[in-house]
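Inspection log for the structure reproduced underneath, given as structure tokens.
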Amino acid sequence: MIPLPETAPTYAIPPGYGYRRLTLPELRERTSLLGTLQIFQPPRPRHTYLLGVDVSDGLGKDRSVVDVIRLGTVEEVEEQVAQYVTDSLPPAAFAYVVDAIGHLYHDPDGREALAAIECNNHGLSVQDTLQLHLGYTHFYTWEVLDQADPQKRW
């Protein structure tokens, strides 16, 4: 059983993201928060967000995680504002979760959050689904700085 306060801060989940707010009784009967988007701080206007995405195979032996980081400004430091963890979604299905979270925590210009996805077979599958099937466009680009030829640094 997860200890919860008697009252929780309210935040309306926008329609169209595939999420719904769990009631306090629903949360109390859960033994785990796997498969639940935990929002520590709702999206704020004029802030930029980064998704750190670690992908597993979805067979219950490892966990896929999306950490949402609000990037720092002159006034405040960067901070983790949300997290989603699952051990049962295969990579292609996990891409849909990443897409919904990225659109929920969009940039001030309306572009989805910057997604930094691990570079391995499962991560490439998630990125492929996001880019080719869901139209996600905002990905972290890894630059290799040890290349002698500047044309091969990207």
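Summary table below
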quantity: Evaluation of Arg46 against (1) within 19 Å of Leu33 (Cα to Cα); (2) touching a Pro at 6+ places or on another chain (Cβ under 7 Å); (3) surrounded by fewer than 11 Cβ atoms within 10 Å (Cβ to Cβ) (one fails), failing number; calculated: (1)
quantity: So Arg20, is it under 23 Å from Glu112 (Cβ atoms) and either at pLDDT below 85 or out of contact with any Pro (no Cβ under 9 Å at 6 or more places or on another chain) (or both); calculated: yes
quantity: Selection count where residues are part of a loop (DSSP other than H, G, I, E, B) and either in contact (Cβ under 8 Å) with a residue 40 or more places away in the chain or not basic (Lys, Arg) (or both), scope the range 32-53; calculated: 13
quantity: Search result, residues across the range 57-85 that are crowded, with 20+ Cβ neighbours inside 10 Å and among the hydroxyl-bearing types (Ser, Thr, Tyr); calculated: Ser64, Tyr84
quantity: Any pair with Cβ under 9 angstrom, 6 or more apart, that starts in the range 55-78 at a residue that is closer than 22 Å to His106 by Cβ and ends at one that is aromatic (Phe, Trp, Tyr) and open to solvent by 50 Å² or more (accessible area, probe 1.4 Å); calculated: Val68/Phe40
quantity: Test for Gln131: is it open to solvent by 50 Å² or more (accessible area, probe 1.4 Å), closer than 21 Å to Ser32 by Cβ and not in a loop (DSSP other than H, G, I, E, B); calculated: no
quantity: Selection from the range 123-133 of residues that are in contact with a helix residue (DSSP H, G or I) (Cβ under 6 Å, 6 or more places away or on another chain) and closer than 21 Å to Ile69 by Cβ; calculated: Val126, Leu130
quantity: Residue match in the range 96-115 (condition: surrounded by fewer than 19 Cβ atoms within 10 Å (Cβ to Cβ), in contact with a helix residue (DSSP H, G or I) (Cβ under 8 Å, 6 or more places away or on another chain) and in a loop (DSSP other than H, G, I, E, B)); calculated: no
quantity: Residue in the range 134-154 that is least open to solvent (accessible area, probe 1.4 Å), counting only those that are of a type in the set (Phe, Trp, Tyr) and at pLDDT 90 or above; calculated: Tyr136
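The values are calculated or read from the model by the stated rules, or taken from the named source; none is laboratory data. Bear in mind the structure is a predicted one, so any value in this text is a computation, not a measurement. Here the Cβ is made from the backbone with ideal geometry for all residues, glycine too, and neighbour counts use every protein chain on show. We work out accessible area using only protein heavy atoms, side chains counted, and drop any ligands, DNA or RNA first. Shrake-Rupley method; radii C 1.70, N 1.55, O 1.52, S 1.80 Å.
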